[in-house]
Amino acid sequence: MNDTAFNPTDKLFCSDLVIKDEGNFYLVLDPEIPNLISVGEHGRNIFELFEEGGMHPVGEIIHQATERTSLSRGQVEDFLHALYRGKFLRKRPLPGPTVEVKLSKLERLHLEITQACNLTCKHCYYSAGTPAEREMTKDEMLSVIQEFTDLGGKVLMLTGGEPLLRRDILYDVMKEATRLGLDLQMETNGTLLTEQDAKRLRKFDVLTGISLDGATAESHNFIRGEGNFQKAIHALNLLAQNGVETLIGFTLMRPNLEEIEQLLQLASKLEVNLVRINRLVIGGRAKDHVKQLEPRKSETVKVLKHAYLLSKDMAPNLLIYEDLMGRFADRTVSCSAGVNVLDVSADGKVYPCRPSQGIEFFKAGDLRTSSLEDIWREAPTLEKVRDHTVLDVPECHECELKYVCGGGCLVTRYRENGCLEKNVDCQVYKELSWFKLHEIGRDMWRKRKSSSS
């Protein structure tokens, strides 16, 4: 054995595990770390020796394992050391249920250039359209990104409204952000984008997201207005022709449920780098179109699973990202809102994240009366958001997936319940979390079998 982390005379602890038979392998979840491993029959037999919980003498486990399997003592010891390195086995139990809140540097800032928008999309949770009263000046925005940089900022996301309505500010902000060494991203509906814009975005190396809410003109235009599908496609072509890294932002809704495969094919054809699938947020104008737009929970689960599998088969280089599929908490707060991300509205108000913008409960401060640093470090609203964890949701206490799923979106909870302590979409998160774990487990098993063959 190369690893001498423990001796045969030591005692090791193993949490209560969740073990699922996947047919040709076993998926083992330690819900208290959380951690995941795929094992064969021998591994399953060894894990069974720890099923009663408590502390177990290593020598006794090795003896029992060699009797129950065809493995040699050395092979059993190697397996136990691998489990120890992977934290499945420990020299002492974990403390009771806790979530570690890590206040790191402010790494990402969403800066709204304007609330003005040239479209009136049915699903817009912010009802963007007219400019806000007293929107920030160019100098105020430049001051914000300087403060952000001083706090250790890395990524600046420029949003709207429609940011291309304020080219008089937009490109000066990009120029200053580039000088400060920030990575730049921008979200746009694409309808106003020109060849000159594409060249400027390439110059400033801006990851540019184009909203595309359907793979056909019928579905996209139903959401965003007649003629706008072709304008978005034209924008994506301009960006590709000018070497701009692109992203499609796709909100899953009833009119586009059947178009996910077409969308991926279209994204690949248009040389799009990334596709982000979002769930519908019931706020703003979306509240007036719920029956037209909101899919059933079972439909949401089905489509997200299908999208994940499609991306592996037909577009392996096209990342499908959705927050439900991206979570795997490490006993920490799984939402980054207010932890390493902030959102600044066009009129200088500060919020923990983009979806929380405009909700008074989440307003953390005003940059016209306080500095970004003071708000980041001292705002009671941000302390409240950071202190709230999955363990504050009663329904999550006994759930084996609580550290995997994280309890869902805080903003969605507040929008639907008026508080943070009541869960929403629990079954959706559970089903997608287990799906994600099964897929990770299958990939782990395939790689293991491939490396041993």
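The values are calculated or read from the model by the stated rules, or taken from the named source; none is laboratory data. What you see is a predicted model; the values in this text were computed from it and never measured. A quick note on method: Cβ atoms are made from the backbone with ideal geometry, for glycine too, and the neighbour counts reach across all protein chains shown. When the accessible area is computed, the model is the full protein with side chains, heavy atoms only, and any ligands, DNA or RNA have been set aside. Shrake-Rupley method; radii C 1.70, N 1.55, O 1.52, S 1.80 Å.
Residue-by-condition table, conditions (1) among the basic types (Lys, Arg); (2) closer than 26 Å to residue 296 by Cα; (3) under 24 Å from the mean Cα position of the chain (by Cα):
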residue: 214; (1), (2), (3): no, yes, yes
residue: 219; (1), (2), (3): no, yes, no
residue: 227; (1), (2), (3): no, no, no
residue: 233; (1), (2), (3): no, no, no
residue: 238; (1), (2), (3): no, no, no
residue: 242; (1), (2), (3): no, no, no
residue: 252; (1), (2), (3): no, yes, yes
residue: 256; (1), (2), (3): no, yes, yes
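Annotation: of all residues in the range 174-217 being of a type in the set (Lys, Arg) and farther than 15 Å from residue 238 by Cα, the one that is least open to solvent (accessible area, probe 1.4 Å) is 175.
Could we say that residue 255 is in contact with a Phe, Trp or Tyr (Cβ under 7 Å, 6 or more places away or on another chain) and not aliphatic (A, V, I, L, M) here?
When the stated conditions are applied, residue 255 passes them.
With the condition kept exactly as written, say whether any residue in the range 357-374 is modelled with pLDDT of 90 or more and within 20 Å of the chain's Cα centre (by Cα).
Taking the range 357-374 and keeping what is modelled with pLDDT of 90 or more, we get 357-374.
Then keep just the ones that are within 20 Å of the chain's Cα centre (by Cα); that gives 357, 362.
Yes, some residue in the range 357-374 is modelled with pLDDT of 90 or more and within 20 Å of the chain's Cα centre (by Cα).
Among the residues of the range 158-173, is there at least one that is within 28 Å of the chain's Cα centre (by Cα) and open to solvent by 40 Å² or more (accessible area, probe 1.4 Å)? No, the range 158-173 contains no residue that is within 28 Å of the chain's Cα centre (by Cα) and open to solvent by 40 Å² or more (accessible area, probe 1.4 Å).
Please verify whether residue 181 is without any contact (Cβ under 8 Å) to a residue 60 or more places away in the chain, touching a Leu at 6+ places or on another chain (Cβ under 7 Å) and assigned to a loop (DSSP other than H, G, I, E, B), treating the condition exactly as stated.
Numbers: without any contact (Cβ under 8 Å) to a residue 60 or more places away in the chain: yes; touching a Leu at 6+ places or on another chain (Cβ under 7 Å): no; assigned to a loop (DSSP other than H, G, I, E, B): yes.
Considered against the rule, which asks whether it is without any contact (Cβ under 8 Å) to a residue 60 or more places away in the chain, touching a Leu at 6+ places or on another chain (Cβ under 7 Å) and assigned to a loop (DSSP other than H, G, I, E, B), residue 181 comes out as no.
For residues that are surrounded by fewer than 22 Cβ atoms within 10 Å (Cβ to Cβ) and part of a loop (DSSP other than H, G, I, E, B), tally how many sit in the range 146-157. Count: 3. Residue 151 fulfils the conditions (1) of a type in the set (A, V, I, L, M); (2) out of contact with any His (no Cβ under 9 Å at 6 or more places or on another chain); (3) under 25 Å from residue 230 (Cα atoms) except for a single criterion, (3). For the range 245-267, the set of residues classified as under 21 Å from residue 201 (Cα atoms) and either touching a residue at least 40 places away in the same chain (Cβ under 8 Å) or part of a loop (DSSP other than H, G, I, E, B) (or both) consists of 245, 247, 249, 267, listed by residue number. Answer with yes or no whether residue 312 is open to solvent by 10 Å² or more (accessible area, probe 1.4 Å) and either in a strand (DSSP E or B) or at pLDDT 90 or above (or both). In short, no.
As a summary of the residue check, residue 89 satisfies the conditions (1) at negative phi; (2) at pLDDT below 90 except for the one numbered (2).
The set of residues in the range 265-299 being touching a strand residue (DSSP E or B) at 6+ places or on another chain (Cβ under 7 Å), more than 19 Å from residue 410 (Cβ to Cβ) and at pLDDT below 95 consists of 267, 272, 273, 274, 275, 276, 277. Taking the conditions (1) out of contact with any Lys or Arg (no Cβ under 9 Å at 6 or more places or on another chain); (2) within 21 Å of residue 144 (Cα to Cα) in turn, residue 408 satisfies each one other than (2).
Would you point out the residue of the range 405-427, among those that are polar (S, T, N, Q) and touching a residue at least 40 places away in the same chain (Cβ under 8 Å), that is most open to solvent (accessible area, probe 1.4 Å)? Can you show your working first?
As a first pass, look at the range 405-427 and keep what is polar (S, T, N, Q): 412, 417, 423, 427.
Subset that is touching a residue at least 40 places away in the same chain (Cβ under 8 Å): 412, 427.
Values: 412: 40, 427: 121 Å².
If we take residues in the range 405-427 being polar (S, T, N, Q) and touching a residue at least 40 places away in the same chain (Cβ under 8 Å), then 427 is most open to solvent (accessible area, probe 1.4 Å).
In the range 21-60, which residue that is outside any loop (DSSP other than H, G, I, E, B) and polar (S, T, N, Q) is least open to solvent (accessible area, probe 1.4 Å)? Working first, answer last.
Filtering the range 21-60 down to residues outside any loop (DSSP other than H, G, I, E, B) leaves 21, 26-30, 35-39, 41-48, 55-60.
Among the residues that remain, those that are also polar (S, T, N, Q) are: 35, 38, 45.
Working: 35: 37, 38: 9, 45: 31 Å².
Looking at residues that are outside any loop (DSSP other than H, G, I, E, B) and polar (S, T, N, Q), I get 38.
Residue 165 - would you say it is among the hydrophobic types (A, V, I, L, M, F, W, C), closer than 19 Å to residue 113 by Cβ and not in a loop (DSSP other than H, G, I, E, B)? Walk me through how you get there before you give the answer.
Details: among the hydrophobic types (A, V, I, L, M, F, W, C): yes; closer than 19 Å to residue 113 by Cβ: yes; not in a loop (DSSP other than H, G, I, E, B): yes.
Yes, satisfied.
Residues in the range 5-20 that are assigned to a strand (DSSP E or B) and out of contact with any strand residue (DSSP E or B) (no Cβ under 9 Å at 6 or more places or on another chain): there are none. Can you tell me which residue in the range 354-380 is nearest to residue 105 (Cα to Cα), limited to those that are open to solvent by 20 Å² or more (accessible area, probe 1.4 Å) and hydroxyl-bearing (Ser, Thr, Tyr)? Checking each candidate, the answer is 371. Filtering the range 226-247 to residues that are farther than 20 Å from residue 185 by Cβ and either acidic (Asp, Glu) or modelled with pLDDT under 95 (or both) leaves only 226. When the range 268-287 is filtered for residues that are assigned to a helix (DSSP H, G or I) and without any contact (Cβ under 8 Å) to a residue 40 or more places away in the chain, the ones remaining, listed by number, are 269, 287.
Remark: pairs (first residue in the range 364-385, in contact (Cβ under 8 Å) with a residue 12 or more places away in the chain and among the aromatic types (Phe, Trp, Tyr); second residue part of a helix (DSSP H, G or I) and surrounded by 13 or more Cβ atoms within 10 Å (Cβ to Cβ); Cβ separation under 8 Å; 6+ apart in sequence or on different chains) = 376/382. Comparison of 436, 430, 402 shows that the only residue that is of a type in the set (Lys, Arg), modelled with pLDDT of 90 or more and either surrounded by 14 or more Cβ atoms within 10 Å (Cβ to Cβ) or touching a Gly at 6+ places or on another chain (Cβ under 7 Å) (or both) is 430.
Per the listing 263, 252, the residue uniquely buried (at least 21 other Cβ atoms within 10 Å of the Cβ) and farther than 24 Å from residue 241 by Cα is 252.
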